[in-house]
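Novice: Have a look at this one.
Laboratory data are not the source of any read-out in this text; all were calculated from the coordinates shown. None of the values given here were measured: they were computed from a predicted structure. Please note: Cβ atoms are built from the backbone with ideal geometry, for glycine as well, and neighbour counts cover all protein chains shown.
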Amino acid sequence: MPKGYWIAHGTVHDPEAYESYRAANAAPLAAYGGRFLVRGGEQEVAEGEARPRTVVIEFPTIEAARACYVSEAYQAAKKIRGPVAESDLVIVEGYDG
C-alpha cells in the first residue's frame, strides 16, 4: 500500500508564535504515524515560485495522512498557525511502483 505525504510550503510571519503550532501538531502527527522528511532547511527554487519554507511529512498510508489532517487535534493546531503563517498544503499518495 502506498504511503501518504503532506507537502507544505509556508511563509512564517511570527517565528516565536509559530513554535506554539509546532508543539501543538506533534501529538496528532505522532498519533497518525507522521514522520518529518523535510522540515524547513535550506532550499533552492529551481523553477517557478515557492514560499520560503518547505515541509514534507510521510505517513504510513494516504488514509492516515488524510485522517490526521481532518482530526480534531490537528485542526486545533491549525487554528494556532492561521494568524502567524500562510501555507499551501497538499496531501498526496506516494508512488508504489
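Novice: Per residue of the chain, what 222 nm ellipticity follows from adding -39500 (n - 2.57) for every DSSP H run with n ≥ 4, rounded to the nearest 500?
Specialist: The per-residue figure over the chain is -11500 deg cm²/dmol.
Novice: Given the convex hull of the Cα atoms of the chain, what is a quarter of its surface area in nm²?
Specialist: Seen from a random direction, the Cα hull of the chain projects 6.5 nm² on average.
Novice: With +1 assigned to the C-beta of every Lys and Arg and -1 to the C-beta of every Asp and Glu, and no other charges, what is the dipole magnitude of the chain about the Cα centre in debye, to the nearest 20?
Specialist: Computed charge dipole of the chain: roughly 340 debye.
Novice: At a 10 Å Cβ-Cβ cut-off, how would you order Glu16, Glu86, fewest neighbours first?
Specialist: Glu16, Glu86
Novice: Under the 0.36 nm per residue contour assumption, what length would be gained going from the current alpha-carbon distance of Gln75 and Arg51 to full extension?
Specialist: Extra length from Gln75 to Arg51 when fully extended: 6.4 nm.
Novice: Separate question: Between Ala17 and Leu89, take the C-beta separation as r, use R0 = 30 Å, and let me know the FRET efficiency to the nearest 0.05.
Specialist: 0.95
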